[in-house]
Amino acid sequence: MPRALITGVTGQDGMYLAEFLAAKGYEIFGLIHGQNNPRIPAVRRVAPSIHLLDGDLLDLRSLIRAMETSQPDEVYNLGAISFVGLSWRQAEITSEVTAMGVLRILEAIQVHTHNDMSRVRFYQASSSEMFGNVHEVPQRETTAFHPRSPYGVAKTFGHYMTVNYRESYGAHACSGILFNHESPRRGHEFVTRKVTRGAARVALGLQKRLTLGNLEARRDWGFAGDYVEAMWLILQEDQADDYVVATGETHSIRDLLDIAFSRVGIEDWTRYVVQDARLFRPADVNLLVGDASHARARLGWKPRVKFRDLIEMMVDDDLADLQRGA
Ligand code: GDR
């Protein structure tokens, strides 16, 4: 039975990945930091046999201990402070967790394997935020990085550290450069979930206004459930490499609003949506669209869920959730 260690297991991607690996018969270990994380019951629901270990990306010794306990064949580093908007207000802790955390986990693998790093396959959750102010459309593995937030800078550090351990020590270290990916398990602070939840609440008469920031931003949004399959496929390749994971389609926040509100029977969302300058970011990423042809050719991966279906799935889930009184 293969063994996997997942950091960030209580996040959206961690939960989908744990569920996916459990179905494949993996023995799964999830790293939990802090006490009483409220999402632990949800993780246990999707992967009942998971072993939860305490540890923190800020604490190297705890990561080494997690390696010793789990004896992993594969490590998926999904742990991060992942909300871009917060990263300007907490740039230092974002860098400690999202950037230095990658270095610590690579070091933990090195200590655990006695410098024979190729024994453990490592996946780093890199991000399209590394492209930032884009230099090429669509963005691919070779597109220059120009991050626009402390979060994007931290992810770029983690990405290059992953590449560096591969080139320096022969680590089987890979990066998935994932574009935005969403689901009914998405945190409420991210724009898709804020809009789908907001549309559902407006339709049910629970709120009158939805306050947003920049409506012109364009993103390449896919379904998180499809993207964790790409993570796994990346680690099954004998040759470690980096891959863009994206749908190849871009949509604006306005498109998102059109679909979400029309799903609840409201054709004119402008009556409900207000913009607040405080929600604009000091520097935003205006256009992202990825070219995943490398992942398609090498891994045979392609996304299944289309943008409209994804947003409608999220709205339906929010409606059902609210009607249950959640
Ligand atoms: P992003 O996701 O920053 O792309 O990072 P987010 O959903 O937060 O923002 C997308 C775009 O929407 C605009 N926007 C708003 N965003 C939020 N959160 N709230 C608002 O009210 C709002 N109004 C407009 C933003 O300005 C932005 O342009 C996500 C995260 O999951 C990262 O961790 C991950 O690495 C990348 O996707 C790929």
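Excluding residues on the same chain fewer than 8 positions from K24, give the aspartates and glutamates whose Cα lies under 13 Å from its Cα.
Counting by Cα, and skipping residues close in sequence, K24 has these aspartates and glutamates nearby: E229.
Restricting to the chain, what percent of DSSP beta bridges are antiparallel, rounded to 5? Don't jump to the answer; show the numbers that get you there.
On the way: 2 of 36 bridges.
DSSP beta bridges in the chain are roughly 5 percent antiparallel.
Expressed as a rounded percentage, what relative contact order does the chain have, with Cα pairs under 8 Å and six or more residues apart?
Working: 660 pairs, mean separation 55.0, N = 326.
After rounding, I find 17 percent.
Take peptides 268-274, 47-53, 162-168, 146-152 and line them up by average Cβ neighbours within 10 Å, highest first, as a rough protection proxy. It would help to have the intermediate numbers written out before the result.
Values: 268-274: 14.1, 47-53: 15.7, 162-168: 17.4, 146-152: 21.6.
Highest-to-lowest ranking by the protection proxy: 146-152, 162-168, 47-53, 268-274.
Mind ranking 240-249, 21-30 by how tightly packed they are, going by the mean number of other C-beta atoms within 10 angstrom, highest first? Please report the intermediate quantities before stating the final value.
Details: 240-249: 22.7, 21-30: 19.0.
Final packing ranking: 240-249, 21-30.
Calculate one ³J(HN,Hα) per residue across segment 98-111 by plugging θ = phi - 60° into the Karplus curve 6.51 cos²θ - 1.76 cosθ + 1.60, and present them in order as whole Hz with x for glycine and proline.
Karplus values, whole Hz, x for Gly and Pro: 7, 9, 5, x, 5, 4, 4, 6, 5, 5, 4, 5, 5, 5.
Could you calculate the contour length gain from V111 to E267, that is, 0.36 nm times the residue separation minus the distance between their Cα atoms, to one decimal place in nm? Display every interim value, and only then the final one.
Details: separation 156, 0.36 × 156 = 56.16 nm, distance 5.78 nm.
Between V111 and E267, full extension yields 50.4 nm more.
Convert each backbone phi in segment 144-151 into a coupling constant with the Karplus relation 6.51 cos²θ - 1.76 cosθ + 1.60 (shift: θ = phi - 60°), then list the ³J(HN,Hα) values in order as whole Hz, x for Gly and Pro.
Once rounded to whole Hz, the list reads 5, 8, 8, x, 10, 8, x, 4.
Can you list which of the chymotrypsin sites (Phe, Trp or Tyr not before Pro) found in segment 64-149 are DSSP loop residues with at most 15 other C-beta atoms within 10 Å? Each step should come with its number before you reach the end.
Working: sites: Y76, F83, W88, F122, Y123, F131, F145; in loops: F83, F131, F145.
Passing sites in segment 64-149 are F83.
Run the simple label-point estimate for N286 and E167 please: 7 Å along Cα→C-beta, distance reported in nm.
Output for this residue pair reads 3.2 nm.
Considering only DSSP beta bridges with both partners in segment 132-259, what is the antiparallel share in %, to the nearest 5? Each step should come with its number before you reach the end.
Working: 2 of 8 bridges.
Of those bridges, close to 25 percent are antiparallel.
Would you list, by chain and number, the lysines whose Cα falls below 27 Å from the Cα of K194, excluding same-chain residues fewer than 8 positions away?
Partners found: K155, K208, K302, K306.
Check which residues have an amide H placed less than 5 Å from L178's amide H, if you skip close sequence neighbours.
Residues meeting the criterion, in which the H sits 1.01 Å from N, are S126, S127, S128, V245.
Restricting attention to the alpha-carbon atoms of segment 15-171, what are Rg (one decimal) and Dmax (integer), both in Å?
Rg and Dmax of segment 15-171, Cα atoms, are 16.2, 45 Å.
Using only the alpha-carbon atoms, how far is helix 253-263 inclined from the longest principal axis of the chain? Give it as 0 to 90 degrees, nearest 10.
In the chain, helix 253-263 runs at an angle near 70 degrees to the longest axis.
Over segment 238-326, calculate the relative contact order: mean separation of alpha carbon pairs under 8 Å at least 6 apart, over the residue count, as a percent.
On the way: 52 pairs, mean separation 39.8, N = 89.
Relative contact order, segment 238-326: 45 percent.
Give the angle, between 0 and 90 degrees and rounded to the nearest 10, that separates the Cα long axis of helix 12-23 from the longest principal axis of the Cα atoms of the chain.
Helix 12-23 sits at roughly 60 degrees to that axis.
Multiply the residue gap between R298 and F190 by 0.36 nm, knock off their C-alpha separation, and tell me the result in nm, one decimal place. Don't jump to the answer; show the numbers that get you there.
Numbers: separation 108, 0.36 × 108 = 38.88 nm, distance 3.10 nm.
In short, 35.8 nm is gained.
What's the center-to-center distance, using Cα atoms, between segment 41-118 and segment 207-255 in Å?
Going from one Cα centre to the other spans 22 Å.
Amide H to amide H, which residues 5 or more places from H51 or on other chains are under 5 Å from it, using H placed in the peptide plane?
I28, F29, G30
Relative to the longest principal axis of the chain, what angle (0 to 90°, nearest 10) does the C-alpha long axis of helix 60-70 take?
That helix lies at roughly 80 degrees to the long axis.
Relative contact order for segment 155-314: what is it in percent, counting Cα pairs under 8 Å that are at least 6 residues apart? List each step's numbers first, then the result.
Details: 249 pairs, mean separation 51.4, N = 160.
Result for segment 155-314 is 32 percent.
Calculate, in nm to one decimal, what E237 and E96 gain on full extension: separation in residues at 0.36 nm each, minus their alpha carbon distance. List each step's numbers first, then the result.
Details: separation 141, 0.36 × 141 = 50.76 nm, distance 3.00 nm.
Contour length minus Cα-Cα distance gives 47.8 nm.
Can you list the residues, at least 5 places off or on another chain, whose amide H is less than 5 Å from the amide H of R218, using H built in the peptide plane?
Those qualifying (amide H under 5 Å, at least 5 residues apart or on another chain) are L287, L288.
For the chain, state the semi-axes of the equivalent ellipsoid (square roots of 5 times the eigenvalues of the alpha-carbon gyration tensor), sorted largest first and rounded to whole angstrom.
Numbers: eigenvalues 214, 96, 68 Å².
Here the semi-axes work out to 33, 22, 18 Å.
Report the label-to-label distance for N37 and L58 in nanometres (one decimal), using points 7 Å from each Cα along the Cα→Cβ vector.
Spacing of the two 7 Å Cα→Cβ label points: 1.5 nm.
So how far apart, in nm, are the two label points at A23 and S252 if each is 7 Å from Cα heading toward Cβ?
The two pseudo-label positions are separated by 3.6 nm.
So for the chain, taking the charge dipole from beta-carbon charges (+1 Lys/Arg, -1 Asp/Glu), which of F190, L319, A18 sits furthest toward the positive end?
Checking the options against the dipole of the chain, the answer is L319.
Just going by the charge dipole of segment 219-291, with Lys and Arg at +1 and Asp and Glu at -1 on Cβ, which of A230, W269, G290 is farthest out on the positive end?
W269
With +1 on the Cβ of every Lys and Arg and -1 on the Cβ of every Asp and Glu, and nothing else charged, how large is the dipole of the chain about its Cα centre, in debye rounded to the nearest 20? All intermediate terms of the calculation are to be shown ahead of the outcome.
Values: 37 positive and 41 negative charges, 168 e Å.
Value, rounded to 20: 800 debye.
Every read-out reported here was derived from the displayed coordinates using simple, explicitly stated rules and does not represent laboratory data. Values in this document were obtained by computation on a predicted structure and should not be read as measured data. Glycine also receives a Cβ, built like all others from the backbone with ideal geometry; neighbour counts cover every protein chain displayed.
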